[in-house]
Every structure is written in structure tokens, then in C-alpha cells.
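Since the structure comes first, as C-alpha cells, the remarks are kept for the end.
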Amino acid sequence: MESLRELYRIGHGPSSSHTMGPRAAATHFLKMHPDAAAYQADLFGSLAATGKGHLTDAAIREVLSGRKVEISWFPDVFKPFHPNALTMHALDADGKDIASQTYYSIGGGKIVIEGQEQTKEDDVYPLEVSHMKQILALCESEGIQIWEFALRYESPEIMTYMAQVWDVMKAAVHRGLEAEGVLPGGLKLARKAMQYHEKANEHKGTIGSTAEIFSYALAVSEENAAGGEIVTAPTCGSCGVLPAVLFYLQQQNRLPDLRIQRALLTAGVLGDIAKTNGSISGAEVGCQGEVGVACSMAAAAATYLLGGTIYQIEYAAEMSLEHHLGLTCDPMMGLVQIPCIERNAMASVRAVDNSVFALLSDGRHRVSFDNIIDVMMETGQALPSLYRETSRGGLAKVLPTINP
């Protein structure tokens with residue numbers, strides 16, 4: 001498993017796979033070929049199908065600002081390694097191809113260069129502790145918690161980075177709660193976070209608490225949709241779930257930032273397992289790999305903060321992903337707005353509920369987190385491509401897709 005720095009990426013929305021990934025690919029290619037007369041970017045599969053709505057072309061042009069660049073779209077061509085593929089070309093003055101490189105945006109903002117698909121150079125966790133069963137056994141034998149397990153293998157600066165991650169998450173919540181207006185794109189979707197937060201203050205008990213969590217998730221997700229700075233947790237499209245739960249619990253229980261940073265480590269380990277042994281790419285496994293994994297991470301964090309055992313943490317995380325199995329990725333008009341924003345809000349409340357459910361138990365249950373990761377992959381591979389971030393099926397058919 002890679003460092004949690006790779007899971008928690010700080011950047012700008014609206015999509016980790018369709019915006020952050022292509023931006024990183026273009027940056028890498030420009031560094032390798034800075035003197036080309038012009039550039040061409042060929043987008044394939046899901047990256048092409050919803051690239052307009054995700055601002056893929058804008059991200060590439062921003063990197064290559066001041067240079068001539070042509071972008072071609074091939075939504076019906078799927079490369080074998082991953083549905084999100086991008087080939088960059090360097091051209092001479094006559095328009096001839098002098099160099100090219102294919103990149104895969106595999107989710108969470110991470111890119112893989114063709115020919116290096118099997119590299120493990122970024123792994124910091126040993127192979128023998130890459131599954132939840134192994135991690136639980138180690139924690140049990142050593143008497144440590146999951147966040148302490150992470151500290152054993154991460155660099156000494158990881159807590160400093162977690163502090164930075166939490167600062168960015170909190171800032172996104174605050175900005176989102178203050179912002180009003182219509183989100184960019186063709187849906188003309190109005191922001192709701194401020195309104196929901198004001199209504200939360202009018203109610204007490206369950207309604208008030210639920211509305212409060214909703215408002216925090218909406219705030220971050222709307223900031224992401226507007227291209228604001230957020231943290232992938234594990235992706236841009238699911239970035240509202242974890243900060244909403246953490247922000248809510250910190251406010252309710254007056255928790256110090258150090259506890260939140262440890263909760264981020266706890267959540268990160270669960271997310272890293274899902275990323276390593278499954279997928280966090282909506283284009284590969286549907287939204288179960290994005291919002292489903294985000295819900296697992298948030299439930300794990302909440303259970304830790306509420307005093308749960310390592311087994312209750314694992315139970316809450318497993319339950320959260322189990323009840324998102326089969327969730328499709330079918331964004332309207334290719335935008336990270338409908339149904340993405342509402343899903344973040346609903347998943348944040350579900351994460352808290354799953355945490356409570358696990359805390360009421362002794363942590364014993366029949367299906368393990370490792371089991372559910374395997375089932376998620378099986379389910380995702382069985383989903384037709386029109387339900388995996390191509391905007392050709394499901395809810396995406398309610399309104400027409402923005403065509404390249």
C-alpha cells in the first residue's frame with residue numbers, strides 16, 4: 001500500500017480522475033518535452049465521455065498555457081488497463097509526432113504511466129500487511145490502534161501532513177457554508193449548504209443533527225463542484241463525506257485537532273486497503289468505489305473518535321461499503337453534481353449511523369472488510385460501462401450529456 005499522502009491529495013475539483021489526474025499527466029509530459037512546437041492530447045473511454053463536464057480539457061490547457069494544444073475525444077475507445085486513458089503527443093513545427101506517452105488516471109488523482117503499471121516503488125506498507133485481516137492481527141498482537149499502525153510505516157512528517165489535510169478540509173467547510181449562487185455547468189444547480197445549515201439551527205434532536213451533517217457535506221461537495229480546493233477522500237467526487245463527519249463530531253464533542261488527525265490516519269488505512277485491493281475509480285467500479293469507500297472511511301473515523309475497538313472500526317467500515325454495493329456512477333451532463341452532491345450528504349449520515357450500529361455490538365460479524373472489497377470489485381466489473389462514469393445510462397439519461 002502507498003503512503004496516505006497518495007490517498008489524501010490536496011487539489012482543486014471537480015474530479016480527481018478527470019481533472020487532477022489529467023493535470024498531473026500534462027504536467028509530467030510538459031516536463032519531459034518542454035520544447036515542443038505544439039501538443040496534442042487524445043482522451044479515451046470514460047475520460048473522454050465525461051471530460052467536458054469534468055473540465056478535463058480546461059485542466060490540460062491550463063498546464064500548457066501559452067502553447068498550442070489540440071484535444072481529441074474518443075469516448076468509444078477503451079484502453080485495456082483502465083477506462084480513463086490519455087495519450088499526450090509532442091509535435092514539431094510541421095505537426096509531426098516526435099514523442100508520445102499514454103497515461104492512466106486510476107482514481108484519487110493518481111496517474112500511472114503506460115509500461116509502469118506494475119510498479120510498487122511508491123509502496124510504504126509491507127505486502128504482508130496489505131489486508132485488513134493482517135492489520136487487525138498486528139494491532140491485536142502489539143496492543144496498538146489502527147492510527148498507530150499507520151505511524152509505523154509512514155514518514156515522520158505524516159502528522160504534519162494530516163494537520164494540513166484537516167486545515168484544507170475545514171476551510172472547504174467554512175467556504176461552502178458561506179457561499180451562495182449557482183454552480184458552474186449546464187445543470188443550473190443552486191448551492192444548498194448555507195440554507196441547510198441555517199435550517200439545522202432551527203431544529204433540535206435528530207432532525208437538527210442530521211441537517212447539520214448534511215450541511216457540512218454539501219458545503220465541501222459544492223466547493224468541489226465549483227473547482228475549489230479540497231482533499232480527495234478518497235476522490236474529489238466523494239470528498240464531502242469524511243470532512244462532514246469529522247467536522248460534526250469535533251463540534252459536538254469538542255475534540256482537539258490531534259484526535260481528528262489520528263482519525264484521518266485511521267480512515268486512511270481503510271481507504272488505502274480499498275484502493276490497493278479494490279478500486280476507488282468510478283470509471284472502473286462505479287460510485288461504490290467512491291462514495292461507498294468514503295462512507296467506510298468516515299465510519300471508521302467516527303468509530304475511533306467515539307471510543308470503538310479496532311474490531312468495531314472494521315465492522316463499521318465493512319457495513320458502510322456493503323450497503324453501497326452496486327452503486328452506479330451516472331452523473332448528469334458529466335458534472336460532479338447530480339447525483340454526486342446529494343450522495344455525499346446521505347453517505348455522511350449513513351457513516352455515523354453505521355458507527356453507532358457497530359458500537360452497540362461487540363464487533364463480531366460474518367462478512368469482513370476484505371470480503372466486501374472483493375465483492376465490490378466483482379460487482380463493479382459486472383456493471384455495464386454505461387453505469388461507470390460514461391454518462392450514458394441511469395440518471396445521466398434524464399438530461400443530455402455535454403458532448404465533446
Picked from the stretch 195-241 (must be among the polar types (S, T, N, Q) and in a helix (DSSP H, G or I)), the residue nearest to residue 343 (Cα to Cα) is 221
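Hey, can you tell me all the residues within the stretch 167-194 that are part of a loop (DSSP other than H, G, I, E, B) and under 15 Å from residue 348 (Cβ atoms)? Working first, answer last.
Residues of the stretch 167-194 part of a loop (DSSP other than H, G, I, E, B): 179-181, 183-189, 191-192.
Scanning the stretch 167-194 gives a single hit, 192.
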Filtering the stretch 35-51 down to residues that are surrounded by 24 or more Cβ atoms within 10 Å (Cβ to Cβ) and out of contact with any Phe, Trp or Tyr (no Cβ under 7 Å at 6 or more places or on another chain) yields 41, 46, 47, 49, 50
Scanning the stretch 339-363 for residues that are hydrophobic (A, V, I, L, M, F, W, C) and within 19 Å of the chain's Cα centre (by Cα), the one most open to solvent (accessible area, probe 1.4 Å) turns out to be 346
When (1) under 14 Å from residue 352 (Cβ atoms); (2) polar (S, T, N, Q); (3) in contact (Cβ under 8 Å) with a residue 24 or more places away in the chain are applied to residue 250, the one that fails is (3)
Within the stretch 209-229, the residues that are open to solvent by 10 Å² or more (accessible area, probe 1.4 Å) and in contact with a strand residue (DSSP E or B) (Cβ under 7 Å, 6 or more places away or on another chain) are 223, 227, 228, 229
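Only one of 181, 143 is open to solvent by 20 Å² or more (accessible area, probe 1.4 Å), on the phi > 0 side of the Ramachandran plot, touching a Lys or Arg at 6+ places or on another chain (Cβ under 7 Å) and modelled with pLDDT of 95 or more. Can you tell me which?
Values: 143 fails: touching a Lys or Arg at 6+ places or on another chain (Cβ under 7 Å).
From the options 181, 143, the qualifying one is 181.
With of a type in the set (A, V, I, L, M, F, W, C), closer than 20 Å to residue 389 by Cα, within 21 Å of the chain's Cα centre (by Cα) and open to solvent by 10 Å² or more (accessible area, probe 1.4 Å) as the only criterion, which of 58, 85 stands out? Steps first, answer last, please.
Working: 85 fails: open to solvent by 10 Å² or more (accessible area, probe 1.4 Å).
Within the list 58, 85, the selection yields 58.
Can we say residue 192 is under 23 Å from residue 331 (Cβ atoms) and open to solvent by 80 Å² or more (accessible area, probe 1.4 Å)?
On the way: under 23 Å from residue 331 (Cβ atoms): yes; open to solvent by 80 Å² or more (accessible area, probe 1.4 Å): no.
No.
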Exercise. Does residue 32 satisfy being over 14 Å from residue 105 (Cα atoms) and either open to solvent by 20 Å² or more (accessible area, probe 1.4 Å) or among the aliphatic types (A, V, I, L, M) (or both)?
Worked result: yes
Q) Does residue 180 fit the bill of being under 26 Å from residue 331 (Cα atoms) and among the acidic types (Asp, Glu)? A) yes
Considering the stretch 88-104, residues that are buried (at least 17 other Cβ atoms within 10 Å of the Cβ) and without any contact (Cβ under 8 Å) to a residue 60 or more places away in the chain, and then whichever is farthest from residue 240 (Cα to Cα), we arrive at 91
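Answer with yes or no whether residue 107 is surrounded by 13 or more Cβ atoms within 10 Å (Cβ to Cβ), touching a Leu at 6+ places or on another chain (Cβ under 9 Å) and closer than 25 Å to residue 229 by Cα.
Working: surrounded by 13 or more Cβ atoms within 10 Å (Cβ to Cβ): yes; touching a Leu at 6+ places or on another chain (Cβ under 9 Å): no; closer than 25 Å to residue 229 by Cα: yes.
Taking the combined requirement at face value, the residue does not satisfy it.
The values are calculated or read from the model by the stated rules, or taken from the named source; none is laboratory data. Note that this is a predicted model, so its numbers are computed, not measured. A quick note on method: Cβ atoms are made from the backbone with ideal geometry, for glycine too, and the neighbour counts reach across all protein chains shown. All accessible areas refer to the heavy atoms of the entire protein, side chains included, with ligands and DNA or RNA removed. Shrake-Rupley method; radii C 1.70, N 1.55, O 1.52, S 1.80 Å.
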